[in-house]
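Below is one structure, written out as structure tokens; comments come after it.
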Amino acid sequence: MTGIPSHDVEARPVEDRPAEGEGPPVLTHRQILVILSGLLLGMFLAALDQTVVSTAIRTIADNLDGQTAQAWVTTAYLITSTISTPLYGKLSDSYGRKPFYLAAIVIFLVGSMLCGAAQSIYELAAYRAIQGVGAGGLMSLAIAILGDLVSARERGRYQGWFLAVFGISSVLGPVLGGALAGQEALLGVDGWRWIFYLNVPLGLLALFVVSRRLNLPRRQSDVRIDFGGAALLATTVVPLLLVAERGREWGWASPLALGLLGVSVASLVGFVAWERRMGAAAILPLRVFSSSVVSRTSVTSVFVGAGMFGGLILMPLYLQIVRGASPTAAGLQLTPLMLGILVTSMVSGRFMSKTGRYKVLPVTGTALMCTALLLMSTLGVETPLWMPLAYMLLMGAGLGLSMQTLMVSVQNALPAKDMGVATSSVTFFRSLGGTFGVAISLAVLFASLAGNIQDRARAAGLPQAVLDRFGEASALDDTSIIATLPAAVRSAVLEGFADSMSTAFLLVGLLLVPAFVLTVRVKEIPLRTQGGLAAAHADARTADTAAGARLSATRSETAVL
């Protein structure tokens, strides 16, 4: 409004101050679906890349002689995607979502090309870190853009498509990854390298569709970029992951491990102080955590992410190593997981749209996930195949009920102007939990592997030479040797693997217990009936009206005096 002092008007991007009588356009269902197609394509890239590696990682690690270091390939991706996610959310709130979404696609494609050219397991992990920087934007911004356009009550109807993409990628990715990894060479290139090269045509298509179809208002803002917060966040998370990954080698109480933990704690303290100082420009504004919904859901997301990613990294290894499935067969055997996600995500979306309620969904979902992972801890070498398939269906059902409802609850609890922060915070904490889940589950698996194999070999009366051979988990850096072992030795090795995987499944399953408790305690807030842009416009009009009233009152008082 003309003549209103700047301090009387809340600082907002230019697009959030529409002309009098104007507001964001009301989109039809068809228009939303057109925009959604571009968002889904971008998310498909990131979701597929998380799963396509899962069944191929054994072949990749064998090829690069780094089976016990394979955790870095997944962990590096998760670290960078975790750290970049809140930065994308904050920048997109200030400057608009589309340019950062396009940038995320480009960064992801560059990382994919580099991954395909990797010559060592650690080089591959470094390039996966570049991919993760792009994936952090692809995952969070797609959901934030949908939140801008669609009301919280209707959002589940559309977010179900995102989970459907995640579910499809959870099956298509392992099948595709297994099929390519099973090829010794394709057009003169190692088969597994095509896992990354195939991202290029998909990424270029996503780039074209998003640039042409996604039309959002441009924003102008003078908000500072919180690079300091991002750096402190990185130095908080990375040392913890290093200890989780290498603690078994260094010793959990070794000076190096304790030193890294000290760095992490000091960085966390510095991060909190820095974010308080940055105020509204903070990468994770501390004010949002004053809401019990946000704080409890954030912690819940950590546990859900740990259980989800921990379980998803272990199950393909169980199917391939313990049960002897080929990479392609293991991918197909993950189909029940996808069906569970697909069905329950659609059902939960319709439930929220019809009733405006959501709390019962994550409560049920975390209970199902916990049950499924605890049941997976009972799997052995001779377990009938239908049992792990049934447990995967149960876990998929829990994921479909939990993931989108946790996101919607936080988006609904915060003001519309914080849509990016709301979305990225849930994605950040889920990715953070997933990073720890992967690192810890694989650390437990390989830390206990040698001892369990030796116990099984000793119980079978095998000679001391066998015990000595498998005294270290590194003896199985190339797991393809298992098929060449004598029957009695192979049986001991597989039983040892099954025992270690049972322990890892049990651990990640127990992480879902506090997640269930927290979802029960989260307060349910009635879902908004406006999209983020519409709500922001309404908030802007309200703020302008209030500012105008204050100005009129001030002028009246001046006239009286």
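The values are calculated or read from the model by the stated rules, or taken from the named source; none is laboratory data. Small disclaimer: the values here were computed from a predicted structure and weren't measured. Here the Cβ is made from the backbone with ideal geometry for all residues, glycine too, and neighbour counts use every protein chain on show.
For the range 181-209, a tally of residues being at pLDDT below 80 and either touching a Pro at 6+ places or on another chain (Cβ under 7 Å) or surrounded by 20 or more Cβ atoms within 10 Å (Cβ to Cβ) (or both) returns 2. Here residue 440 meets the list (1) surrounded by fewer than 24 Cβ atoms within 10 Å (Cβ to Cβ); (2) within 24 Å of residue 76 (Cβ to Cβ); (3) modelled with pLDDT under 80 almost entirely, failing just condition (3).
Restricted to the range 333-437, the set of helices (runs of 4 or more DSSP H) holding at least 3 residues that are in contact with a Pro (Cβ under 8 Å, 6 or more places away or on another chain) comprises 386-413.
Please go through the range 246-283 and pick out each residue that is of a type in the set (Ser, Thr, Tyr) and closer than 25 Å to residue 424 by Cα.
Matches in the range 246-283: 264, 267.
Of all the criteria given as (1) under 24 Å from residue 319 (Cα atoms); (2) modelled with pLDDT under 90; (3) surrounded by 15 or more Cβ atoms within 10 Å (Cβ to Cβ); (4) among the β-branched types (Val, Ile, Thr), the one not satisfied by residue 484 is (3).
From the list 555, 541, 490, which residue is assigned to a helix (DSSP H, G or I), under 30 Å from residue 184 (Cα atoms), modelled with pLDDT under 90 and charged (D, E, K, R)?
Details: 555 fails: under 30 Å from residue 184 (Cα atoms); 541 fails: under 30 Å from residue 184 (Cα atoms).
Answer to the selection: 490.
Which is surrounded by 15 or more Cβ atoms within 10 Å (Cβ to Cβ) and not charged (D, E, K, R), of 238, 269, 265?
Values: 269 fails: surrounded by 15 or more Cβ atoms within 10 Å (Cβ to Cβ); 265 fails: surrounded by 15 or more Cβ atoms within 10 Å (Cβ to Cβ).
Within the list 238, 269, 265, the selection yields 238.
If the condition is being closer than 19 Å to residue 73 by Cα and either part of a helix (DSSP H, G or I) or without any contact (Cβ under 8 Å) to a residue 40 or more places away in the chain (or both), then the range 176-193 contributes 176, 177, 178, 180, 181, 191, 192, 193.
Screening 377, 295 for residues that are without any contact (Cβ under 8 Å) to a residue 24 or more places away in the chain, touching a helix residue (DSSP H, G or I) at 6+ places or on another chain (Cβ under 7 Å) and among the polar types (S, T, N, Q) leaves exactly one candidate, 295. Checked against (1) of a type outside the set (A, V, I, L, M, F, W, C); (2) surrounded by 15 or more Cβ atoms within 10 Å (Cβ to Cβ); (3) modelled with pLDDT of 80 or more, residue 226 passes all but a single condition, namely (3).
Say whether the condition of being modelled with pLDDT of 75 or more, farther than 24 Å from residue 302 by Cα, small (Gly, Ala, Ser) and in a helix (DSSP H, G or I) is met by at least one residue in the range 77-85. Break it down stepwise before answering.
Pass one, the range 77-85, residues modelled with pLDDT of 75 or more: 77, 79-85.
So of that shortlist, the ones also farther than 24 Å from residue 302 by Cα come out as none.
No, every residue in the range 77-85 fails to be modelled with pLDDT of 75 or more, farther than 24 Å from residue 302 by Cα, small (Gly, Ala, Ser) and in a helix (DSSP H, G or I).
Yes or no: the range 325-344 includes at least one residue that is without any contact (Cβ under 8 Å) to a residue 12 or more places away in the chain, surrounded by fewer than 24 Cβ atoms within 10 Å (Cβ to Cβ), of a type outside the set (S, T, N, Q) and out of contact with any helix residue (DSSP H, G or I) (no Cβ under 8 Å at 6 or more places or on another chain). No: zero hits. Check whether at least one residue in the range 456-475 is surrounded by 15 or more Cβ atoms within 10 Å (Cβ to Cβ), in contact with a Gly (Cβ under 7 Å, 6 or more places away or on another chain) and farther than 16 Å from residue 313 by Cβ, and report yes or no. Yes, the range 456-475 contains at least one residue that is surrounded by 15 or more Cβ atoms within 10 Å (Cβ to Cβ), in contact with a Gly (Cβ under 7 Å, 6 or more places away or on another chain) and farther than 16 Å from residue 313 by Cβ. Residues in the range 353-379 that are surrounded by 15 or more Cβ atoms within 10 Å (Cβ to Cβ), out of contact with any Gly (no Cβ under 9 Å at 6 or more places or on another chain) and either over 21 Å from residue 523 (Cβ atoms) or aromatic (Phe, Trp, Tyr) (or both): 379 only.
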